[in-house]
1. Arranged by the count of other C-beta atoms within 10 angstrom, fewest first, what order do Thr83, Thr98 take?
2. Please say if region 61-164 is rounded, prolate or oblate, where rounded means a/c under 1.5 for a ≥ b ≥ c the square roots of the C-alpha gyration tensor eigenvalues, and otherwise the choice is prolate for a/b larger than b/c and oblate otherwise?
3. Set the bar at 30 Å for Cα to Cα. Now go through Lys69/Lys110; Lys70/Lys150; Lys69/Lys150; Lys127/Lys166 and name every pair that lies beyond it.
4. Quick check on the exposure proxy: order Glu135, Glu60, Glu158 from fewest to most C-beta atoms within 10 angstrom.
Amino acid sequence: MKQKIIFLGFTFFISLCFFSCNEQKKGDEKKAKREIEKQGQNNKKEDQNNKADSSIIEIENGIMTVKNKKNNTLSMRGPVDSTRNRNGVWHSYFPNGTVNSKTTYNSNGKRHGEHLVYYPSGSIMFKGNWNNGKEIGQWFFYSKNGELKKTKLFKNGELEKIQVFKK
């Protein structure tokens with residue numbers, strides 16, 4: 001009987017230690033997760049501040065223009081709503097002024113419609129379509145000399161198929 005009581009007491013003690021260690025571990029994991037999230041938010045704020053510090057942003061008649069502060073070159077331009085959400089067709093530009101990309105946004109500020117990205121030479125790098133922020137349909141990827149390199153097929157934002165073309 002005495003051995004049973006000692007055994008039960010020992011088992012209770014081990015269970016208690018395991019439970020408290022496990023709770024401490026969970027608490028530490030939650031604390032670490034909060035710290036990582038906090039750091040990510042701080043980095044995001046720093047990135048936004050750095051971007052804002054290196055850019056000149058102007059809004060006139062519903063058109064936002066973003067210029068590089070160092071050399072006053074056009075970086076991107078397109079329509080925005082009263083809350084600064086993108087809508088309509090937006091263009092981004094290479095430092096030499098040629099178009100880098102053309103993207104269409106819906107009234108919710110999500111990519112919707114045609115999307116084109118160009119090489120600095122002006123030839124198309126890739127093109128595809130968006131539907132409310134998700135890639136849809138066939139996307140085409142080209143070499144610098146205009147040859148089709150590969151295609152990607154998307155359904156509701158999920159990649160379904162990739163086809164690569166060899167020379």
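The numbers here are math on the coordinates, done by the rules we state, and not lab data. All values derive from a computational prediction rather than experimental measurement. Quick reminder, even Gly has a Cβ in these numbers, built from the backbone with ideal geometry, and neighbours come from all protein chains shown.
1. Ordered by Cβ neighbours within 10 Å, fewest first: Thr83, Thr98.
2. oblate
3. Lys70/Lys150; Lys69/Lys150
4. Placing the least packed residue first, the sequence is Glu60, Glu158, Glu135.
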